[in-house]
1. Residues being β-branched (V, I, T) and more than 18 Å from the chain's Cα centre (by Cα): count how many of those fall in segment 146-162.
2. What are the residue pairs meeting all of these: first residue in segment 196-214, first residue closer than 13 Å to R235 by Cα and in contact (Cβ under 8 Å) with a residue 12 or more places away in the chain, second residue among the β-branched types (V, I, T) and open to solvent by 20 Å² or more (accessible area, probe 1.4 Å), Cβ atoms under 8 Å, and 6 or more apart or on different chains?
3. Out of all the residues in segment 148-164, which are open to solvent by 40 Å² or more (accessible area, probe 1.4 Å) and in contact (Cβ under 8 Å) with a residue 40 or more places away in the chain?
4. Which one is nearest to the chain's Cα centre (by Cα) among residues in segment 118-141 that are within 18 Å of A32 (Cβ to Cβ) and in a helix (DSSP H, G or I)?
5. Answer yes or no as to whether K65 is touching a strand residue (DSSP E or B) at 6+ places or on another chain (Cβ under 7 Å) and open to solvent by 80 Å² or more (accessible area, probe 1.4 Å).
6. Step by step: first the residues of segment 192-238, then only those that are surrounded by 19 or more Cβ atoms within 10 Å (Cβ to Cβ) and of a type in the set (K, R), then the one that is farthest from the chain's Cα centre (by Cα). Which residue is that?
7. Can you list residue pairs whose Cβ atoms sit under 6 Å apart, with the first residue in segment 67-90 being under 16 Å from L101 (Cα atoms) and of a type in the set (K, R) and the second being part of a loop (DSSP other than H, G, I, E, B) and open to solvent by 20 Å² or more (accessible area, probe 1.4 Å)? Count only pairs 6 or more apart in sequence or on different chains.
Amino acid sequence: MYFDSHLHTEGMGFSDLKKLSETGIKEVCSLAFFPIEPKFPQTMVDLFRKLTEFETLRCEAAGVKMYPAVGIHPRCIPPDYGFVMKHLEEGEWLAFGEIGLENVTKGEIEVLTSQLEIAKERDIPCIIHTPRGNKKGATEKTLEILERLDFPVELAVIDHVNFETLDMVLKSGYWIGLTVQPGKLSPDDAARIVLEHGPERFMLNSDAGYRDTEITTVAEAAKKVVEVVGEKEMRSVARDNARKFLRL
């Protein structure tokens, strides 16, 4: 049984969800993302409601246990986002995500910092996005913010890490998300990283949803890790670490 620690089930059809289950991906963490910039803060609140109240049931019907994460993605910042922050402060959440930086603007930094402050106060794990462009700069700024907040290492996973940013995130001590997807990491890349650095801080994900992407890459990467490293290490990066991070 595999665990995809970062995808977006809302952007996937029911047949896609069934394919996950049939491939052995029985548990997933589905992260909040709105594909256009919201005009109203209430849009994000309803998105969180949809994830937690409806999307979990749709996934269950397809044979997948879905754990929802909520939060404001840097590409989904609505006006008057304080309304959303109040909702986050008052709700009961498993995790915040997908939060992070895209263009490293002042507004993005403010929104990320506000969400991290809530998470630290309420002891909520955070799944933190890093962008395709300017990945190194955005990652450096993210780690700077986490350090300034003295954010607990066990409460954050820095996601979409690649070979450019791997060393700096390893030094930080935070969890690391390995996104296996064309244009990001290949199954061979993921296996190589686990072989060189051990399985302790890594978790596999696909970032699938909304686009014509490969949706079963966690299973493919897991099989490659078994070949290159071993069964025990595969269980860590393809299931156990995600469950530990989310406290399941």
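The values are calculated or read from the model by the stated rules, or taken from the named source; none is laboratory data. Treat the numbers as computed from the prediction; the structure is a model and nothing was measured. In this analysis, Cβ positions are derived from the backbone assuming ideal geometry, glycine residues included, and neighbour counts consider all displayed protein chains. Surface accessibility is based on the protein's heavy atoms, side chains included, excluding ligands, DNA and RNA. Shrake-Rupley method; radii C 1.70, N 1.55, O 1.52, S 1.80 Å.
1. In the first step, residues of segment 146-162 are kept if they are β-branched (V, I, T); the result is 153, 157-158, 161.
With more than 18 Å from the chain's Cα centre (by Cα) added as a condition, the list becomes none.
The number of residues fulfilling the criteria is 0.
2. Close Cβ pairs satisfying both conditions: P199/V229.
3. E154
4. Let us first name the residues in segment 118-141 that are within 18 Å of A32 (Cβ to Cβ), namely 118-119, 122, 124-131.
This time we only want the ones that are in a helix (DSSP H, G or I), so: 118-119, 122.
Numbers: I118: 18, A119: 15, R122: 19 Å.
Within segment 118-141, the match that is nearest to the chain's Cα centre (by Cα) is A119.
5. Details: touching a strand residue (DSSP E or B) at 6+ places or on another chain (Cβ under 7 Å): yes; open to solvent by 80 Å² or more (accessible area, probe 1.4 Å): yes.
For K65, the condition - touching a strand residue (DSSP E or B) at 6+ places or on another chain (Cβ under 7 Å) and open to solvent by 80 Å² or more (accessible area, probe 1.4 Å) - is met.
6. Result: K224.
7. Pairs found: R75/E102.
Per-residue answers, yes or no, for (1) in contact with a helix residue (DSSP H, G or I) (Cβ under 8 Å, 6 or more places away or on another chain); (2) aliphatic (A, V, I, L, M); (3) open to solvent by 10 Å² or more (accessible area, probe 1.4 Å):
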{"residue": "D4", "(1), (2), (3)": "yes, no, no"}
{"residue": "E22", "(1), (2), (3)": "no, no, yes"}
{"residue": "A32", "(1), (2), (3)": "yes, yes, no"}
{"residue": "I36", "(1), (2), (3)": "no, yes, yes"}
{"residue": "F40", "(1), (2), (3)": "no, no, yes"}
{"residue": "V45", "(1), (2), (3)": "yes, yes, yes"}
